[in-house]
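Here's the structure we're looking at; comments come further down.
No value in this document is a laboratory result; all are computed from the given coordinates. Not measured: the values here are computed from a predicted model. Every residue, glycine as well, gets a Cβ built from its backbone with ideal geometry; the counts of neighbours run over all protein chains shown.
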Amino acid sequence: MALLTCKDLSLGYEGHPIVENLNFDISSGDYVCIVGENGSGKSTLMKTILGLQPPLEGKVIAGDGFKQTEIGYLPQQTVVQKDFPASVKEIVLSGCGNGMGLRPFYNKEEKKRAAGNIEKMGMSEYADKCYRELSGGQQQRVLLARALCATKKMLLLDEPVTGLDPIVTAEIYDIVYSLNRNDGITIVMISHDIEAALRYATKIIHIGKTVFCGTKEKYLSSVEARLFLKGGETNG
């Protein structure tokens with residue numbers, strides 16, 4: 001059974017749709033890349049999946065015992081986030097917040113989970129270091145560790161390599177791929193890097209003048225792919 005099913009979704013603002021008729025499933029172990037031109041509705045779709053924004057029409061259905069609150073989320077970084085005056089440990093621990101309820105303090109299990117995810121991202125030696133003193137790639141590793149504290153099943157990543165140099169970009173892609181292949185975490189990623197999307201993804205969601213939702217293999221033979229890969233599509 002699918003972790004999430006998006007059925008007849010129309011997305012937009014103030015009653016004005018920017019994308020319509022989205023139908024797709026996200027199953028355990030999928031690596032889904034969302035591609036398309038700027039302004040086509042990719043980030044709006046991600047916010048809808050997260051439950052942060054209601055669809056204009058249709059619905060997002062969680063299945064297989066999964067809840068939307070169990071999704072780990074890595075948003076696009078802002079200037080404010082990059083300059084956040086907290087330690088690596090504090091930021092990663094904050095990813096456990098959804099499970100705390102009314103408790104004012106983190107418990108032993110949450111602290112252990114945070115430390116484990118810091119180690120998984122290769123950032124243990126920086127645990128007490130101020131986040132804003134880290135490089136861009138190190139900051140992304142910290143935010144990935146934070147997102148992992150919120151989930152054992154699904155990560156949503158919004159342009160996770162924006163502004164990173166090619167070497168660090170490759171490292172982040174390798175980490176995400178390992179989380180998918182080795183840890184069984186379902187990945188849903190917005191990406192402008194179509195080459196990376198086609199290298200790693202098992203499914204593609206293309207949003208533009210028309211919509212495609214399906215396997216990578218079917219996408220490569222689709223009209224949407226031919227236009228997009230040739231740069232012939234404009235914002236829909």
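A few notes on this one:
- Computed from backbone phi, the HN-Hα couplings of the range 128-140 come to 9, 7, 5, 4, 6, 8, 7, 6, x, x, 5, 4, 5 Hz, rounded to whole numbers (Karplus: 6.51 cos²θ - 1.76 cosθ + 1.60, θ = phi - 60°; Gly and Pro given as x).
- Rounded FRET efficiency, nearest 0.05, which uses the C-beta distance separating SER135 from SER28 and R0 of 25 Å: 0.15
- When Rg and Dmax are taken over the Cα atoms of the range 85-208, they come to 15.0, 46 Å.
- Spin-label model distance (nm) - HIS192 vs GLN68, 7 Å beyond Cα toward Cβ: 2.8
- Measuring nothing but how far apart in sequence close Cα pairs (under 8 Å, 6+ apart) lie, relative to its length, the chain scores a relative contact order of 27 percent.
- By the beta-carbon count within 10 Å of each Cβ, the least crowded to most crowded order of LYS112, LYS230, LYS47, fewest first, is LYS230, LYS112, LYS47.
- Crossing angle, helix 166-181 versus the chain [Cα axis fit, 0-90 degrees, rounded to tens]: 90
- Distance cut-off 18 Å, percentage of C-alpha pairs in the range 76-152 lying past it: 34
- Full extension of the chain between THR5 and GLU217 gives 74.2 nm of extra length, using 0.36 nm per residue less the Cα-Cα distance.
- Label-point separation in nm, GLU90 to ARG181, each point 7 Å along Cα→Cβ: 3.8
- As a ratio to 2.2 N^0.38 Å, the alpha-carbon radius of gyration for the chain is 1.02.
- √(5λ) per eigenvalue of the Cα gyration tensor, the range 1-130, largest first, Å: 32, 18, 14
- Fewest-first sequence of LYS67, LYS7, LYS42 by Cβ atoms within 10 Å of each Cβ: LYS67, LYS7, LYS42
- Considering only alpha-carbon pairs that sit under 8 angstrom and 6 or more positions apart, the relative contact order computed for the range 76-152 is 48 percent.
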